[in-house]
Structures are given as C-alpha cells and as structure tokens.
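Here the structure comes first, spelled out in structure tokens, and everything after it is commentary.
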Ligand SMILES: Nc1ncnc2c1ncn2[C@@H]1O[C@H](COP(=O)(O)OP(=O)(O)OP(=O)(O)O)[C@@H](O)[C@H]1O
C-alpha cells in the first residue's frame, strides 16, 4: 500500500506539491494524472526518498522509504530518466543491480525473458531503443520481487505492442495483490489499465475516485439518425433531453437509449441509427483539470 499524507514541496516561492493526500491500495492499479508540470514527478520522488518533503509524509507499506530495511524487496520504480550505463549489456546492468540490492543473480535471466529482452540480453544498453530501455527499467524494478510498483510515464517510447505488454504485466501484478501507482499526462492511455484515478493540477489533488465513477459522472451521449430529424428533435426535447445536431444526426444527452427509442416510436419517426457515444476520457480529464484551474484563480 502507498499512503501520501498532506505531502508538500516548495522550491523557494514555487509550491510544486501542495498538501497531496491519497492512498494507492493493494490489488489495484492507481493512475496519477496531471498535465506537464503539475507535480507528479516531485510527488513520486518524495515517495521514493529522492526528494525531501517540505512537510507531510509518504509511506510504503506503513514505512517511509528511507526507513525501509531492504527497499528493493518492498518497492520497484521506473522513473523518467534513463537508468543504464550505455556501455553495459542489459544483462550486466541487471546483474549489477541484483548485487547492489542483495538479490540472487539467478533472477536475472528469467526476468530478461519475462520483459522480452532475452535475445537482446548481451547487447549494449546504449544500442537499445527507447522501448527496450523501458523494458529493462521494468525488469530492474522487478528484481527484488516487490509488492509495490511506482512508474512515471512508463509508456513513453513503447509501441502499441509494448503498451499492451506493460498493461498486462501491471494488471497481473495487481491481480497477485500488488500495489501499482502509475503517473501519466494521458488518461486515455491508462483507461484500460487503471482501477482508481487521482488527478493533480498545480500541485493540488483535484479528484480521487474509482475510474468507473468518473465514467458514471458523465451523462451518456446518444447519436440518433432518423427519417424526420426536426420532428424527432421536438419529441426528444419535450421529454427533457438536450438536443444538438451533428451532421445529419441528432446529438442527445439526458436520455437512455431505451427512452429515446420509445420516444421515437411514439412520435412515429423511423430510426436508422441509435448509438451511445462512449465518454471521451481525454476530454473528461481536461475538463477536470481546467475546472480546477478556474477555481484556483477565483
Ligand atoms: N528541483 C526543482 N527546482 C525548482 N522547481 C522545480 C524543481 N523540480 C520541479 N520543480 C517545479 O515544480 C513543478 C512540478 O514539477 P514536476 O516535475 O513534479 O511536474 P510533473 O507533473 O511531473 O511534470 P512532467 O510531466 O513535465 O514531468 C513545476 O513547476 C517545476 O518547474
């Protein structure tokens, strides 16, 4: 489990992180979302003992990072900056880290296979693509078989296959009871991965909820195409719906598909198409952040 309690970091007059409080639970993947410069990396660095908080507390399984006796066995991290010595092979890199963190060397080869780098194990890290370096960073984080994983923008540089691979790896980790905290500036990228959402802007947490609740908070939009759009629009509005036009179709909010279908039937307008638009996650996220920013300047 990860617990952040009123965590704050100031750099001179800049408050990079401002009273951040949330929990990332075991068995779940928590997405930590914010635009560039919103305070994600600073928060993760405080959690991992790399930056000293101005005030507040960050705990991993109830203990501050610096007080963990054997950190690699408790938490693995994939941070933005590259981790490898360019002249070292991927395998040598992992062996070095295994030695440094007291992990048995015989974990290295299975881990290289697990992250899809078995064939590239003896190549220099300097010749790795960005995606291969991310895979190596994930293997390094997994060396001590830690229950808690913390990742900062891990999808950077991964192709769609790599993103699918990472998603499956992190979901499997959570299924086994692990805790995963993943920072990103793209909600849509995390949509199929995360269980819980934490949104940060200007160093302040603006929204904490299960992803399902975020989906549920928006009324579904329907797109309806029928023979007589004007008559259909009037009937739908009479039932309280908000109706706009979108090309030849109507853009309807405030009704379920069943209600809209029944109303069209009553109004005797044949329907050619009726679909529910899934919410645009990226737009939802931007709406949350801009609403929060507007409140902050008020
Ligand atoms: N060492 C530092 N000295 C001064 N200001 C800093 C320092 N580190 C971060 N900041 C500032 O703190 C704020 C938050 O930065 P942070 O890197 O945590 O954001 P982020 O959400 O991780 O953004 P990105 O996605 O761009 O990495 C920014 O305004 C940044 O300029």
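General observations
- Given (1) without any contact (Cβ under 8 Å) to a residue 60 or more places away in the chain; (2) buried (at least 21 other Cβ atoms within 10 Å of the Cβ), index of the condition residue 160 fails: (2)
- Condition met for residue 99 (touching a residue at least 12 places away in the same chain (Cβ under 8 Å) and touching a helix residue (DSSP H, G or I) at 6+ places or on another chain (Cβ under 9 Å)): no
- Output for segment 23-32, where each listed residue is touching a strand residue (DSSP E or B) at 6+ places or on another chain (Cβ under 7 Å) and either more than 15 Å from the ligand (Cβ to nearest atom) or farther than 12 Å from residue 205 by Cα (or both): 23, 24, 25, 26, 28, 29, 30, 31
- Of all residues in segment 218-234, those that are outside any strand (DSSP E or B) and surrounded by fewer than 19 Cβ atoms within 10 Å (Cβ to Cβ) total 9.
- Residues being over 16 Å from the mean Cα position of the chain (by Cα), farther than 22 Å from residue 58 by Cβ and modelled with pLDDT of 90 or more - total across segment 146-182: 2
- Options 105, 91, 66, 13; residue that is out of contact with any strand residue (DSSP E or B) (no Cβ under 9 Å at 6 or more places or on another chain), without any contact (Cβ under 8 Å) to a residue 40 or more places away in the chain and within 16 Å of the ligand (Cβ to nearest atom): 13
- Options 252, 275: the member that is buried (at least 19 other Cβ atoms within 10 Å of the Cβ) and at pLDDT 85 or above: 252
- Within the set 198, 138, the sole residue that is closer than 22 Å to residue 58 by Cα and either surrounded by 21 or more Cβ atoms within 10 Å (Cβ to Cβ) or free of Cβ contacts under 8 Å to residues at least 24 places away in the same chain (or both) turns out to be 198.
- Residue in segment 70-87 that is within 16 Å of the ligand (Cβ to nearest atom) and more than 19 Å from the chain's Cα centre (by Cα) present: yes
- Any hit, segment 33-49, residues being more than 9 Å from the ligand (Cβ to nearest atom), assigned to a strand (DSSP E or B), closer than 30 Å to residue 176 by Cα and in the same structural domain as residue 196 (by TED's automatic domain parsing): yes
- All conditions but one from (1) assigned to a strand (DSSP E or B); (2) within 11 Å of the ligand (Cβ to nearest atom); (3) more than 18 Å from the chain's Cα centre (by Cα) apply to residue 58; the one that does not is (2).
- Conditions (1) modelled with pLDDT of 95 or more; (2) within 16 Å of the ligand (Cβ to nearest atom); (3) over 14 Å from residue 205 (Cβ atoms); number of the one not met by residue 7: (3)
- Residue within segment 207-217 that is in the same structural domain as residue 9 (by TED's automatic domain parsing), in a strand (DSSP E or B) and either surrounded by 15 or more Cβ atoms within 10 Å (Cβ to Cβ) or without any contact (Cβ under 8 Å) to a residue 12 or more places away in the chain (or both) present: yes
- Screening segment 183-195 for residues that are modelled with pLDDT of 90 or more and within 16 Å of the ligand (Cβ to nearest atom) and picking the one that is surrounded by the fewest Cβ atoms within 10 Å (Cβ to Cβ) gives 184.
- Any chance residue 19 is at pLDDT 95 or above, surrounded by fewer than 18 Cβ atoms within 10 Å (Cβ to Cβ) and under 24 Å from residue 146 (Cα atoms): no
- The one condition in (1) modelled with pLDDT under 95; (2) under 20 Å from residue 194 (Cα atoms); (3) exposed (fewer than 15 other Cβ atoms within 10 Å of the Cβ) that residue 33 fails to fulfil: (3)
The values are calculated or read from the model by the stated rules, or taken from the named source; none is laboratory data. Being a predicted model, the structure only gives us computed values, none of them experimental. Every residue, glycine among them, receives a Cβ derived from its backbone with ideal geometry; neighbour counts consider all protein chains shown.
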